[in-house]
Amino acid sequence: MFASVEFWAQRTVSPLDGREGWTVVDDRYAEHGQVGEYLQVLIDGEGRSVGTARTYAGRLALYLTWAATAPVDPCSVTAAQLASFARWLERTPSRKHRQGQNRRRAADPKLLSLEPSRSAATVDGILAAVVEFLRFAASRGWCEPQAAEGLSTRVELRFPPARLDRGERDGRPVVRRRRVRRRRVERPPMTLTRTQVGLLVDACTNRRDRFIVQALYASGLRVSELCGMRLSDLHLLPSSSHVGCEVAGPHLHVERREDNENGALAKSIYPRVVPVVRELVLFHDAYRVERDALPEAAESDYLLVNCYRPPLGRALRPDVVEQLFVRLSAKVDFRARPHMLRHSFASAVAQATRDPALVKELLGHATVVSSDVYLHARWDDMRAAVDALARRAGE
């Protein structure tokens, strides 16, 4: 259906108000209009963050690439074709891992591997994004509604009459369903030890960067939440009653703001309060001395601002923090990304409290199910449990 085989996620900036967004283009930088409209609705209509749109753009770019080579109509696929796409995802290497520095000119864009190239969880996430787009396509009349109704990432299986004796209810056959999903091997999220976090802090060359590393580790904030924070969101005194806040102790307020000049948009629409420890307050105070000495920064209400390169005093963009961690990783000789510090914070809280509801509130998850991943069993805990059982048996 499309002349080009490869599609790519592409960042966009509005010429009217400078708002950032994402779309999908082919190798000739021609936009895929239907996916572009869907991604715009994600941000403007559903209030999703720019980071979510970026993730969906990358996933849908893979889907369009597959659809162009299948070939199938990307707005109308069957469950069997969706399952074929899932198998293609497992066999086709991620463009991040192909040879060559320029991923648009990878050495062999059609290279296949006998080993799974993506985890089951990654495949499921890509399928979920595709199904959401297909439902949107049906709502826009780009395909028949029936084409999207049965694509809740499931395939219906109707058993032959000989097996209906095990699948009947009130004399009627029961329709069994099988998800178009891959068997997952649950793995704990990637975390960093306290020693590794200390090495990252030591590798920083200024007080702002040291504060960023410590803040992400000590609060579990997302990068967009930290970059979108205003000075008025920090209540770091033992009591904040003088500013009308009755929350006791040092804490941070996480607010979603649509008008942040750096495009940093908190993922959740619900505000939350995160307590902080004295160590983070000390890092903050050291950074503020350096920050407020700069006239351009002192005039800004944003917590994180450009202090060392133009435009001075402007709010720090989330991608600048991502680049900071790339540089720090090269210095400390291990991989570190901002979200790994969020995982580290959540795992430490889960290990100390064994309370997923508490983890949910601290991280701002929509449901407690999202926090269950941090309650994984650790080897030391399993060893202690087995040793304790052996001691009781001996007694």
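If the chain between I269 and V386 were fully stretched, how many nm would it gain, using 0.36 nm times the residue separation less the Cα-Cα distance?
My answer for the length gained is 37.7 nm.
Can you list residues whose amide H is under 5 Å from A266's amide H, if they're 5+ apart or on another chain and H is modeled 1.01 Å from N?
The list, which skips near neighbours in sequence, is R257.
Compute the FRET efficiency between N206 and R278 as 1/(1 + (r/R0)^6), taking r as their Cβ-Cβ distance and R0 = 22 Å, and round to the nearest 0.05.
Approximately 0.50, to the nearest 0.05.
Given H placed on each backbone N at 1.01 Å, which residues far from R48 in sequence or on other chains put an amide H within less than 5 Å of it?
Correct list: I43.
At 7 Å along the Cα-to-beta-carbon direction for both M190 and R257, put a label point, then send me their distance in nm to one decimal.
3.1 nm
Using modelled amide H (1.01 Å from N, peptide plane; none on Pro or chain starts), what sits under 5 Å from the amide H of D27, excluding residues fewer than 5 places away?
The list, which skips near neighbours in sequence, is E6.
Can you tell me the length gained on complete extension of the stretch A366 to V13, counting 0.36 nm per residue apart and subtracting the Cα distance?
Extra length available between A366 and V13 comes to 124.2 nm.
Would you mind getting me the FRET efficiency between L312 and A393? Use the beta-carbon distance for r and R0 = 56 Å, nearest 0.05.
Computed FRET efficiency for L312 and A393: 0.25.
Post the alpha-carbon centroid distance, region 322-366 to region 214-247, in whole angstrom.
Cα centres, region 322-366 to region 214-247: 17 Å.
What is the distance in Å between the Cα centres of region 277-306 and region 2-31?
Region 277-306 and region 2-31 have Cα centres separated by 36 Å.
What translational diffusion coefficient, to the nearest whole µm²/s, does region 194-375 have by Stokes-Einstein, given a Kirkwood radius computed over alpha-carbon pairs, a temperature of 37 °C and 0.692 mPa s viscosity?
D, rounded to a whole number, is 195 µm²/s.
Where does each of M229, M190 land when they are ranked from fewest to most other beta-carbon atoms within 10 angstrom?
M190, M229
Along region 227-237, what does the Karplus equation 6.51 cos²θ - 1.76 cosθ + 1.60 (θ = phi - 60°) give for ³J(HN,Hα), rounded to whole Hz, x for Gly and Pro?
These are the phi-based 3J(HN,Hα) values: 5, x, 6, 9, 4, 5, 7, 9, 10, 9, 8 Hz.
Please give the residues of region 335-358, grouped as numeric ranges, whose backbone N is less than 17 Å from a label point set 7 Å along the Cα-to-Cβ vector of L375.
346-358
Residue by residue through region 7-19, which ³J(HN,Hα) values in whole Hz follow from phi under the Karplus form 6.51 cos²θ - 1.76 cosθ + 1.60 (θ = phi - 60°), with glycine and proline marked x?
Once θ is set to phi - 60°, the couplings for region 7-19 become 10, 9, 6, 9, 6, 10, 9, 5, x, 7, 10, x, 5 Hz.
Would you kindly state how much longer the chain becomes between H339 and R230 on full extension, computed as 0.36 nm times their sequence separation minus their alpha carbon distance, in nm to one decimal?
37.2 nm
So if R0 is 41 Å, what FRET efficiency would Q323 and A121 give, r being the distance between their Cβ atoms, rounded to the nearest 0.05?
With R0 = 41 Å, the Cβ-Cβ based efficiency is 0.95.
Any read-out appearing in this document is the output of simple, stated calculations on the displayed coordinates, not a laboratory observation. Bear in mind that the values here come from a model prediction, so they are computed numbers and not experimental data. With ideal geometry, Cβ positions are generated from the backbone for all residues, glycine too; neighbour counts draw on all protein chains shown.
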